[in-house]
Amino acid sequence: MPPVYEAVTSVMTSHFNIPEDTIRPEATLEDLGLDSLAVVELLCVLQDELGLRVPTGDDALKSLQITLAQAAAAVDQAQPAGASETLA
């Protein structure tokens, strides 16, 4: 698995106390017991741990139906913290 996925699973177990044996790439955030507030908290923790600016306005990341693999892929696309945003 990619390093970002490993970081996401690590946060899920250490910060949210989700048992490691329930964490699978195809599990949705809802399957893992996260609600919308927990998803925002997850993104904040990942930003801090990975030094990234995760696009919190991304509708896909707001969905509880997104899989863990999809969430990790979205976080993997994030820019380093401090990177300037370009308006198109």
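The values are calculated or read from the model by the stated rules, or taken from the named source; none is laboratory data. Small disclaimer: the values here were computed from a predicted structure and weren't measured. Quick reminder, even Gly has a Cβ in these numbers, built from the backbone with ideal geometry, and neighbours come from all protein chains shown. These area figures cover heavy atoms from the full protein model, side chains too; ligands, DNA and RNA do not enter into them. Shrake-Rupley method; radii C 1.70, N 1.55, O 1.52, S 1.80 Å.
Quick notes on this structure:
- Filtered by the rule that a residue be open to solvent by 50 Å² or more (accessible area, probe 1.4 Å) and modelled with pLDDT of 85 or more, segment 51-72 gives GLN65, GLN70.
- Filtered by the rule that a residue be open to solvent by 70 Å² or more (accessible area, probe 1.4 Å) and touching a Leu at 6+ places or on another chain (Cβ under 9 Å), segment 4-39 gives HIS15, ARG24, GLU26, GLU30, ASP31, ASP35, SER36.
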